[in-house]
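One structure below.
The values are calculated or read from the model by the stated rules, or taken from the named source; none is laboratory data. Because the structure is predicted, anything quoted here is derived from the model rather than measured. All Cβ positions, even for glycine, are placed from backbone atoms using ideal geometry, and neighbour counts span all protein chains on display.
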Amino acid sequence: MIKIAKRMLGAMLLLALGLLLAVPVAEAQEAKVIRIVKQPGLGYLGLIVMRAKGLLEKHLPGVAVEWHELTSGPAIRDAMLAGQLDIGSGGLGPFILAVDKGLGWKIVGALNDMPLYLNTYKPEIKSLKDFTPGDKIALPAPGSIQHVTLQMAAEKELGNPKALDNLIVAMAHPEARAALLSKREITAHLTSPPFQYQELKAGGIHKVLDSYQVVGGPHTFNVVWTTEKWAKANPTLLKGFYGALSEALDFVHKSPLEAARVFVESEKSKDTPETTLGYMKEPGVRFVIYPTGLMKYALFMHKTGVIKRLPASWKEYAFDHLHGFAGN
């Protein structure tokens, strides 16, 4: 009996020791670097402020931070699939498609609500019906939120969501803005802030439509996401990133002119901070951390066969810390 008791005691001590060691071992397994990607544009102001103000370093001391920049959602998807990034960002279209393909992405936070404009220099183009086979419409990439928006508009106005797909030219926003203003290569640009406002301000450019008209109200333009696998393995990093993003968006709300100044300096914009602040105050522009209009895009993509499964709620797309917000 004494021997059995000793064995049991020894086993209990080993178990207790294992439990004590489990906590630091699990913590040690969290990544020591966080790799984030952004794209060009005012839609990424929250991330730009986060980077400029060192908010990730504040919320995650001792964790190295790597910032990357790509120019389209599909490019970011491919980089994440290759294991080159931890935190992705982009428009709703590529995100929704990636989730449907089983990539295990979930939204950490939204960055904004923003209307997207289709601009042209051709005075005869007043609606989608006025585009001809010789016209070219620039947008970031097939499958981008701009592309999905164009298809939504084409279905409403032309009765066929793919009616204008053969006119699409994939171009990064800065290059497309330059091409539109110089009237070369393209005749129209489906873009985003600040590029759409810069084009209209230059003169000789007019808006054909904006996405709020197409969707029937405000919608999120950009979200930030990561994989459920990464989030489970790095709960401290996930919490720290969300805290830094929340603080960055609070800064935008409380100090908008300073946030505009950060944008101008960080992005090497030719606009003044005051002009950029004007873009930030354009109708429909909001910097909010929860997604809106998400299900409208998902519903359209499901109806047109782009995605196979339609989630019952926007919350299926987001981590639990967002579920208390009034998203849709």
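Please verify whether the stretch 254-267 includes one or more residues that are more than 26 Å from ASN328 (Cα to Cα), among the aliphatic types (A, V, I, L, M) and touching a residue at least 40 places away in the same chain (Cβ under 8 Å). Looking through the stretch 254-267, at least one residue is more than 26 Å from ASN328 (Cα to Cα), among the aliphatic types (A, V, I, L, M) and touching a residue at least 40 places away in the same chain (Cβ under 8 Å).
Among the conditions (1) touching a residue at least 24 places away in the same chain (Cβ under 8 Å); (2) buried (at least 22 other Cβ atoms within 10 Å of the Cβ), ARG177 misses just one, which is (1).
The set of residues in the stretch 106-165 being closer than 23 Å to GLN198 by Cβ, of a type in the set (Val, Ile, Thr) and part of a loop (DSSP other than H, G, I, E, B) consists of ILE125 alone. Quick one: in the stretch 70-88, which of the residues that are at pLDDT below 95 and touching a strand residue (DSSP E or B) at 6+ places or on another chain (Cβ under 6 Å) is farthest from ARG309 (Cα to Cα)? Out of the qualifying residues, it is LEU70. May I ask you to list the residues in the stretch 106-143 that are surrounded by fewer than 24 Cβ atoms within 10 Å (Cβ to Cβ) and at pLDDT below 95? ALA141, PRO142, GLY143, listed by residue number.
Of the strands (runs of 3 or more DSSP E) lying entirely inside the stretch 187-280, none contains at least 3 residues that are out of contact with any Gly (no Cβ under 7 Å at 6 or more places or on another chain), among the aromatic types (Phe, Trp, Tyr) and under 30 Å from LYS32 (Cβ atoms).
When LYS270, LYS207 are checked against the criterion of being under 26 Å from LEU116 (Cβ atoms), at pLDDT below 95 and either surrounded by fewer than 21 Cβ atoms within 10 Å (Cβ to Cβ) or within 18 Å of the chain's Cα centre (by Cα) (or both), LYS270 stands alone in meeting it.
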